Amino acid sequence: MNIIVFPVAVFCAEAFHGNLILRDWASVPGRETGMNGNGPTKLVDPLEDPVPGVGTYEDFNTIDWVREKSKDRDRHREITNKSRQSTVALLHSVSDAFSGWLLMLLVGLMSGALAGGIDIAAHWLTDMKGGVCLIGFWFNHEHCCWTSNETTFQERDRCPQWQSWAELITGTSEGAFAYIVNYLMYIFWALLFSFLAVTLVRAFAPYACGSGIPEIKTILSGFIIRGYLGKWTLIIKTITLVLAVSSGLSLGKEGPLVHVACCCANILCHLFTKYRKNEAKRREVLSAAAAVGVSVAFGAPIGGVLFSLEEVSYYFPLKTLWRSFFAALVAAFTLRSINPFGNSRLVLFYVEFHAPWHLVELAPFILLGIFGGLWGALFIRANIAWCRRRKSTRLGHYPVIEVLVVAALTAVLAFPNSYTRMSGAELISELFNDCSLLDSSQLCGYKQVCSDRPAGKGLYTALWQLALALVFKMLITVITFGMKVPSGLFIPSMAIGAIAGRLLGVGMEQLAYYNHDWFIFKGWCSPGADCITPGLYAMVGAAACLGGVTRMTVSLVVIMFELTGGLEYIVPLMAATMTSKWVADAFGREGIYEAHIRLNGYPFLEPKEEFEHSSLTVDVMRPRRSDPALAVLTQEGMTVGEVEALVESTHYSGFPVVVSKESQRLVGFALRRDLLISIDNARKRQEGIVSASQVVFTEHAPSQAPDAPPPLRLRGIMDLSPFTVTDHTPMDITVDIFRKLGLRQCLVTHNGRLLGIITKKDILKHMAQIANRDPDSILFN
């Protein structure tokens, strides 16, 4: 569910560690002239002569959606009006309208090129753990043996040009010693790659670790994390993503590619003024970039757009949908031109199943959905518990050692089993594969392959190895996701589901072979027919497990059929994905990304979470009964010194303005940063302003003694229409207002008198208390 932000006044009342937000002065009428003893003097206007820092946001604060949308409307209106006056202005108007599409083109090209490079480099380094190409060390195994005339059908991966480390060091590839040499070299490369990855992240870009999707979701909801989408993060994430994937750790590159695409978009936004200077417009571009990330990760442009819409974006207007589609198209085309998979196809796991599925098979497909949902719920709980332990114990102080220990454990346990030794993408491709006469895989170790397929010795061996690989992957993924290296969750989750699906598929296949006369097989699975396709079960299982972990539905099904080219298998995919979501939701409504957002204390109001408590705004607002009175400004009667003292003695980033402290009638709202900049500006540039000068928020200055210093008139920085609710407004309505309007705070009144204030942080803390969670876990406002 995506939230559309409408123009309503939004203000920022409480700061995190004194971080402040400034409201745009352009949208407020009533900029006035100040009066000093010598006659009228114009108060310096920051719009005409900008003061550094005006209109920007501090780190770890939420943007003012309304102000940003208002600024963009004013800018657009001004350009439209000027375009009627001259040809140059008309051309400027056209270029402004076209700049969004040009930006999307650049984002698509840059992300597609980076993704292609990451794919090629990761493939090369992964193969380097096994050996090296003699005709050129930069060739991976497949390219090295591409032109060889000496490969045999049974051993198509072996050619004289490619030598394992044992062959290079000992001269032979057979025997126990050669196995040990290969084993040790595999561990050595795994440790080297993981050490380089974690060291680079720690030294140059701490934000380059993890998946990036929880933070992207938070940023798209309006939060600011400086540097998270910067150039250093992009460079280090690109390099370390290749190293982390190549090290053999149980992680994927798909989630981090969304982060990489968003970094590209953020950097390219600086080339265009309308995106550089407007945070809301920039978030529209970042929504499109999230679609590009999935498009290049899976070769699934439509799935990418739906992923951005369903899973990541907070505000997704129709215009962003079209631009996301265009950017995803450009990125997919760029990736196809680079052809990193070497198969001239865009899709990662192309499948070609020959037998159609039957209605009876919906039962095992739903069973896979149940498994996916149970695994998703279990994984989220286990991973969050492990991450919380990492944050709260000494384990979190040693990220390099943690990564090295997990990498060593993974390499030692993975090497003996061919299904854990291969990369996640190779494993999934193998499991999706439908056996044919040309296959030499152990999974195709049937006694005969053509029609009926009784299991042979090779298949039984493969099934045992797969069962061990399933247990290994399930355990190791829990402790791997969240370490201080780039780590995606798509491929490991799909691998777990694909293994479970393949095991069930082979079981169903053998059941049908030995029990043709059972009533469930009669009529559609006659003797001699090849009616069950284990590869299809692997595909359905992969979708079910990924759905259980992320709670994706529509976008997941579209990604899966784009990923495999299996358009006729939409119904099994839909059945498994929906079942997976229902089962997982029974144990908790949060997906893995929402759980990590909550773990990190980000101020994210989850649109999917229902507010069922019957409290009122008066129960949540501040000040509470035991708190000191609300800090307010009066519209007249306070001096500059008193205002400065109030600002310095509190940590709030905004103050309600009332008629008087006795009446508490609300007049407006002034932001702390506006006050400080205005006072500082007036002291420097307006004659006669001193600490004894009166501060007035009224339209006309009150009469003063002839010898009094001139007043400082600040009506122009006050918002005259602050968003308010009454003290008896139900909290479920207030929460909906905050979600759908992107508010950061609103004021609480009773018959026009100011009672208190509710911030986004107050709402999140209240919701945490209701859910029996620690309210102090909400770190930011």
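The values are calculated or read from the model by the stated rules, or taken from the named source; none is laboratory data. Not measured: the values here are computed from a predicted model. So basically every Cβ, Gly included, is an ideal-geometry build from the backbone, and we count neighbours across all protein chains shown. We work out accessible area using only protein heavy atoms, side chains counted, and drop any ligands, DNA or RNA first. Shrake-Rupley method; radii C 1.70, N 1.55, O 1.52, S 1.80 Å.
Scoring residue 610 on the criteria (1) closer than 21 Å to residue 739 by Cβ; (2) in contact with a helix residue (DSSP H, G or I) (Cβ under 8 Å, 6 or more places away or on another chain); (3) open to solvent by 70 Å² or more (accessible area, probe 1.4 Å) leaves a single failure, condition (2).
State whether one or more residues within the stretch 271-285 are closer than 21 Å to residue 486 by Cα, open to solvent by less than 10 Å² (accessible area, probe 1.4 Å) and in contact (Cβ under 8 Å) with a residue 12 or more places away in the chain. No, the stretch 271-285 has no match at all. The set of residues from the stretch 566-588 being closer than 13 Å to residue 539 by Cβ and surrounded by 15 or more Cβ atoms within 10 Å (Cβ to Cβ) comprises 566, 569, 572, 573, 574, 575, 576, 577. Scanning the stretch 70-119 for residues that are over 21 Å from residue 325 (Cβ atoms) and polar (S, T, N, Q) turns up 70, 80, 81, 83, 85, 86, 87, 93, 95. Just one of the numbered conditions (1) open to solvent by 10 Å² or more (accessible area, probe 1.4 Å); (2) at pLDDT 95 or above is not true of residue 265: (1). Restricting the first member to the stretch 587-606 and to residues that are farther than 16 Å from residue 390 by Cα and without any contact (Cβ under 8 Å) to a residue 60 or more places away in the chain, and the second to residues that are of a type in the set (D, E, K, R) and in a helix (DSSP H, G or I), the beta-carbon pairs closer than 6 Å and six or more apart or on different chains are 606/594. Cβ-Cβ distances below 8 Å connect the following pairs, each with a first residue in the stretch 416-433 that is assigned by the TED database to the domain that holds residue 544 and acidic (Asp, Glu), a second residue that is surrounded by fewer than 23 Cβ atoms within 10 Å (Cβ to Cβ) and not in a helix (DSSP H, G or I), and a separation of six or more residues or different chains: 430/422; 430/441.
Condition (residue is in contact with a Leu (Cβ under 9 Å, 6 or more places away or on another chain), at pLDDT below 90, exposed (fewer than 13 other Cβ atoms within 10 Å of the Cβ) and assigned to a loop (DSSP other than H, G, I, E, B)) applied to the stretch 453-461: is it met by at least one residue? No, the stretch 453-461 contains no residue that is in contact with a Leu (Cβ under 9 Å, 6 or more places away or on another chain), at pLDDT below 90, exposed (fewer than 13 other Cβ atoms within 10 Å of the Cβ) and assigned to a loop (DSSP other than H, G, I, E, B).
How many of the residues making up the stretch 660-690 are outside any helix (DSSP H, G or I) and open to solvent by 60 Å² or more (accessible area, probe 1.4 Å)? First the steps, then the outcome.
Looking only at the stretch 660-690, we keep the residues that are outside any helix (DSSP H, G or I), and these are 660-671, 686-690.
Adding the requirement that they be open to solvent by 60 Å² or more (accessible area, probe 1.4 Å) leaves 661-662, 665, 687, 690.
Of the residues in that region, 5 qualify.
Out of 365, 379, 349, 353, which single residue is crowded, with 20+ Cβ neighbours inside 10 Å and not in a helix (DSSP H, G or I)? Outline the logic, then answer.
Working: 365 fails: not in a helix (DSSP H, G or I); 379 fails: not in a helix (DSSP H, G or I); 353 fails: crowded, with 20+ Cβ neighbours inside 10 Å.
Among 365, 379, 349, 353, only 349 is crowded, with 20+ Cβ neighbours inside 10 Å and not in a helix (DSSP H, G or I).
With respect to (1) open to solvent by less than 60 Å² (accessible area, probe 1.4 Å); (2) over 27 Å from residue 731 (Cβ atoms); (3) within 32 Å of the chain's Cα centre (by Cα), the lone exception for residue 638 is condition (3). Summed over the stretch 492-540, residues that are open to solvent by 10 Å² or more (accessible area, probe 1.4 Å) and aliphatic (A, V, I, L, M) total 7.
Taking residue 139 as the residue in question, decide whether it is free of Cβ contacts under 8 Å to residues at least 40 places away in the same chain, among the aromatic types (Phe, Trp, Tyr) and open to solvent by less than 80 Å² (accessible area, probe 1.4 Å). Step through it out loud before you land on a result.
On the way: free of Cβ contacts under 8 Å to residues at least 40 places away in the same chain: yes; among the aromatic types (Phe, Trp, Tyr): yes; open to solvent by less than 80 Å² (accessible area, probe 1.4 Å): yes.
It is true that residue 139 is free of Cβ contacts under 8 Å to residues at least 40 places away in the same chain, among the aromatic types (Phe, Trp, Tyr) and open to solvent by less than 80 Å² (accessible area, probe 1.4 Å).
Does the stretch 319-327 contain at least one residue that is assigned to a helix (DSSP H, G or I), among the hydrophobic types (A, V, I, L, M, F, W, C) and closer than 18 Å to residue 556 by Cβ? Checking the stretch 319-327: not a single residue is assigned to a helix (DSSP H, G or I), among the hydrophobic types (A, V, I, L, M, F, W, C) and closer than 18 Å to residue 556 by Cβ.
Taking the criterion of being assigned to a loop (DSSP other than H, G, I, E, B) and either among the acidic types (Asp, Glu) or in contact with a helix residue (DSSP H, G or I) (Cβ under 8 Å, 6 or more places away or on another chain) (or both), the residues of the stretch 691-717 that qualify are 691, 692, 693, 697, 698, 699, 707, 714.
Given (1) crowded, with 24+ Cβ neighbours inside 10 Å; (2) under 26 Å from residue 601 (Cα atoms), identify the lone condition not met by residue 234. It fails just one condition, (1).
For the stretch 162-171, does any single residue satisfy the condition of being at pLDDT 85 or above, open to solvent by 60 Å² or more (accessible area, probe 1.4 Å) and not in a loop (DSSP other than H, G, I, E, B)? There is at least one residue in the stretch 162-171 that is at pLDDT 85 or above, open to solvent by 60 Å² or more (accessible area, probe 1.4 Å) and not in a loop (DSSP other than H, G, I, E, B).
Residues in the stretch 187-225 that are among the polar types (S, T, N, Q), surrounded by 20 or more Cβ atoms within 10 Å (Cβ to Cβ) and not assigned by the TED database to the domain that holds residue 286: 194 only. Taking the listed residues 109, 184, the one that is closer than 30 Å to residue 290 by Cα, at pLDDT 90 or above, in a helix (DSSP H, G or I) and not assigned by the TED database to the domain that holds residue 320 is 109, with no other qualifying.
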